[in-house]
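K.L.:
Here it is: the structure, laid out below.
The values are calculated or read from the model by the stated rules, or taken from the named source; none is laboratory data. All values reported here derive from a predicted model rather than from experimental measurement. These accessible areas exclude ligands, DNA and RNA; they are computed on the full protein's heavy atoms, side chains included. Shrake-Rupley method; radii C 1.70, N 1.55, O 1.52, S 1.80 Å.
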Amino acid sequence: MFKQAWAVVLLGVAATNALVVIPPRIVIVPSDTTLNRGASSFSPSSSVNLTVLEDIAGGGRNGYLAVISGASSVFEALPPINECGNGLFKTLETASKAGCKLATNGGPFGMKGKGKCIGLLMQNGTLLSQDFTGSNAQFGVSRNNEWVMGHVNSTEELSELGVMNIMSGFGWLVYNGTSTVSTPGGEAAPRTTIGVDGKGRLLMLVVDGCETCKSGKGPTLYQMAVGLLLLLSMMMMMMMMMMM
């Protein structure tokens, strides 16, 4: 979610076996804001390119791909309206109250009771949830406008990296142009993902689904990983065509 702030979203759970590409524990990626700083044509303002991918998961289930330029300076991980553990709220409710321009659902939380935040959550330098015990992947941004991905394991490391906003997800789907999910099949469900492209732009991909429906359940993690790689390849081809 964001008010001039971007939402952090769930990352897919990666399969684990000998063939899986295993990313480093922590990955730091310069954002397009950092890479382009000083360029005469660069504007620090953020912009969103949103594409609807019709029926991408079958059964009328669409996908929504957002490519966001200049996101690192406005990215913000927001807790629910009344903070963690004080009730369950829809993304739209939290986003509307915060004045967000673009938002999607965030990290894991307790489905029963009062919606306890699970894992790590930091908003603008303030720790709201600090469980470092799990192995869930995290996504965030530093005060230097660098993307931080992987697993930060202590408050000291957060400080060393200069992290300002970060949230736990579940795991990697794609690392450095390679899928981390090697086994087809698995549960079909609605999915939300976040990542960064080679230019340091923020990517969000959300795919509709219905776990209790007979059809149109949504993609598996394997399908999401393959789909992300195909979309990135298509984006690169389009960029090359525009340059020619």
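K.L.:
Before anything else, pin down the relative contact order of the range 60-148: Cα pairs under 8 Å, at least 6 apart, normalised by residue count, whole percent.
P.N.:
Dividing the mean separation by the residue count of the range 60-148 yields 25 percent.
K.L.:
Over the range 117-198, what is the relative contact order in percent, taking alpha-carbon pairs closer than 8 angstrom and at least six residues apart?
P.N.:
28 percent
K.L.:
Using a 1.4 Å probe and ignoring any ligands, DNA or RNA, find the accessible area of Thr155 and quote it in Å² to the nearest 10.
P.N.:
For Thr155, the solvent-accessible surface is approximately 50 Å².
K.L.:
Between their Cα atoms, which of Lys114/Lys199; Lys116/Lys199; Lys90/Lys217; Lys101/Lys217 are more than 30 Å away from each other?
P.N.:
Lys114/Lys199; Lys116/Lys199, as the Cα separations exceed 30 Å there.
K.L.:
With the Cα gyration tensor of the range 23-148 giving a ≥ b ≥ c as the square roots of its eigenvalues, does the rule (a/c under 1.5 for rounded; else a/b larger than b/c for prolate; else oblate) give rounded, prolate or oblate? All intermediate terms of the calculation are to be shown ahead of the outcome.
P.N.:
Numbers: a/c = 1.66, a/b = 1.23, b/c = 1.35.
Oblate shape, in that a/c is at least 1.5 and b/c is the bigger or equal ratio.
K.L.:
Please report the accessible area of Ile22 (heavy atoms, 1.4 Å probe, ligands and nucleic acids excluded) in Å², nearest 10.
P.N.:
Approximately 140 Å² for this residue.
K.L.:
Turning to a different aspect of this structure: So with the 1.4 Å probe, I'd like the accessible area per residue for the range 46-190, rounded to whole Å².
P.N.:
48 Å²
K.L.:
Then there's this: With every protein chain left in place and a probe of 1.4 Å, what is the accessible surface of Tyr64, to the nearest 10 Å²?
P.N.:
Using a 1.4 Å probe on the heavy atoms, I get roughly 80 Å².
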